[in-house]
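Contents: one structure, followed by commentary.
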Amino acid sequence: MRITLGVTGGVAAYKAAELVRLLQQDGFTVQVVMTRSAREFVTPLTFAALSGQKVITDLFAESGGEANLESAIEHIAVAQRTDLLLVAPATADVIAKFARGIADDFLTTLHLASTAPVVLAPAMNVNMWNHPATQENLEMLRARGAHIVQPDEGYLACGMTGPGRLAGQQAIMAAVREALKLQRDFVGETVLVTAGPTCEDIDPVRYITNRSSGKMGYAVAVAAARRGARVVLISGPTSLDAPAGVERVNVRTALEMQQAVRQHFDKASVGIFAAAVADYRPAEPMSQKIKHTKEALEIRLEPNPDVLASVAAEKGARLVVGFAAETERVAENARKKLSAKNADLIVANDVTAEGAGFDLDTNVVTLFARDGRDLPLPKMTKSEVAGRILDEVVRLRSALRAAAQHSD
């Protein structure tokens, strides 16, 4: 998920830097938009370094910069890809502009162009906070659905005491989660996720692999972290960046993945095995490059370990989720895999179906659960699929606990 963080002009602007870090730990991508006054307190470079994203400071190209169509409509592009607009600190000025529909800079124009939820964390002088105009503006925004994070009381930078100090970071984070209706049902748990392909060497130049991009597994890792889990992501080679707040363990081969899983699975309560582990590897990889000749070449392959089955055989009370990428008889093959691998849930898809292939941002899957429930899902983003997988894990876990209590 992507959050746009608006930073406006006030002494509390420096606290937004820590907020960027907390949002990233929750798995969010953060893009910062700064007002002109905010830049008097904190430099854009600070937020660019923290967020790893471009910091937007002007509605149009800065003076002397090259004006183009992209810069002229950037607020529309940012609005379309924003899942939530958070303004912290929010000054009395920007609150008034939001309430009255004024759009005279990038942030206020973005506010009008976006349909995403809005969270405002006000920070200002106590008299400005108590002024009837400010309170009226806040009521207008609440009536439109904006989430207002009540400021703290205490000693203010202006020397006065009272309400107006920027709310604590955790209060702001709680408002963000509430606005996005995010669950925190994995707090205190460790979720192990595997993702990506494996590469099995033929010689120092060539290897056997598959078309997995890792996007589905990475989406699961991000979703689990956002819901409060400690996440260990064991990843084969992929071009994806490590998700914020997730412990990534890089592996290359199936044997390395098996070793990493064995090392970390004991500490996990849930294992979600989304990696496309190669079924076979060359029995005798060559130490030197194989030279091209006109003769046919035969490479003897031997089976790789079945990472999912070996872990599920010793899972105990842990829940194990496997994936099945199929090209035919999806339900039949998925049910067979569910039983053969001793998994609790199989996420199956037909990789030839539109929107469900490799290296896409969408997927079309059916969830096959051990208790007999089949849950077909329509085409949705892999982030949305990840959320539904975790929902099903929660359902299965609750059912198991209820059954255990009943047997007692």
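Each value in this text was obtained by applying a stated rule to the coordinates, not by laboratory testing. Computed from a predicted structure; not experimentally measured. Neighbour counts run over all protein chains shown; Cβ positions are idealised from the backbone, glycine included.
Brief remarks follow.
- The chain - share of DSSP beta bridges that are antiparallel (%, nearest 5): 30 percent
- Loop chymotrypsin sites (Phe, Trp or Tyr not before Pro), the range 13-46, which have at most 15 other Cβ atoms in a 10 Å radius of their Cβ (DSSP): none
- The packing ranking, built from the mean of other Cβ atoms within 10 Å per residue, places the peptides 17-26, 208-217, 270-279 in the order 270-279, 208-217, 17-26, highest first.
- Considering only the range 190-407, percent of DSSP beta bridges that pair antiparallel, nearest 5: 35 percent
- Using θ = phi - 60° and Karplus 6.51 cos²θ - 1.76 cosθ + 1.60, couplings along the range 385-397 (whole Hz; Gly, Pro as x): 4, 4, x, 5, 4, 5, 4, 5, 4, 4, 4, 4, 5
- As computed over the range 2-179, the Cα convex hull volume per residue (Å³): 106 Å³
- Interchain or long-range residues, amide H under 5 Å from ILE234's placed H: VAL193, THR194, ALA195, VAL249
- Fewest-first sequence of ARG370, ARG300, ARG329 by Cβ atoms within 10 Å of each Cβ: ARG300, ARG329, ARG370
- The local environment of GLU200, defined by Cβ-Cβ distances under 11 Å, has a net charge of -1 under the rule Lys, Arg +1 and Asp, Glu -1.
- Eligible lysines near LYS97 by straight Cα distance, threshold 23 Å, same-chain separation 8 or greater: LYS15
- Bridgeable lysines around LYS382 (alpha carbons under 29 Å apart, same-chain partners fewer than 8 residues away excluded): LYS54, LYS181, LYS215, LYS267, LYS315, LYS336, LYS337, LYS341.
- Listed values for the range 251-267 are Karplus-derived 3J(HN,Hα) couplings in whole Hz (6.51 cos²θ - 1.76 cosθ + 1.60, θ = phi - 60°), namely 9, 10, 10, 4, 5, 5, 5, 4, 5, 5, 5, 4, 5, 10, 5, 4, 8, and x replaces Gly and Pro.
- Multiplying the residue separation of ARG211 and ARG329 by 0.36 nm and removing their Cα-Cα distance gives an extension gain of 40.4 nm.
- Per-residue 3J(HN,Hα) values for the range 77-85, derived from phi via the Karplus relation 6.51 cos²θ - 1.76 cosθ + 1.60 with θ = phi - 60°, read 5, 5, 4, 6, 9, 8, 8, 7, 9 Hz in sequence order (x marks Gly and Pro).
- In this structure the amide hydrogen of LEU301, modeled in the peptide plane, comes within under 5 Å of the amide hydrogens of ALA283, none closer than 5 places in sequence on its chain.
- Within the range 305-378, the GluC sites (Glu not before Pro) that combine a DSSP coil assignment with at most 12 other C-beta atoms in a 10 angstrom radius are GLU314, GLU328, GLU354.
- Rg(Cα)/(2.2 N^0.38 Å) for the chain, N = residue count: 1.18
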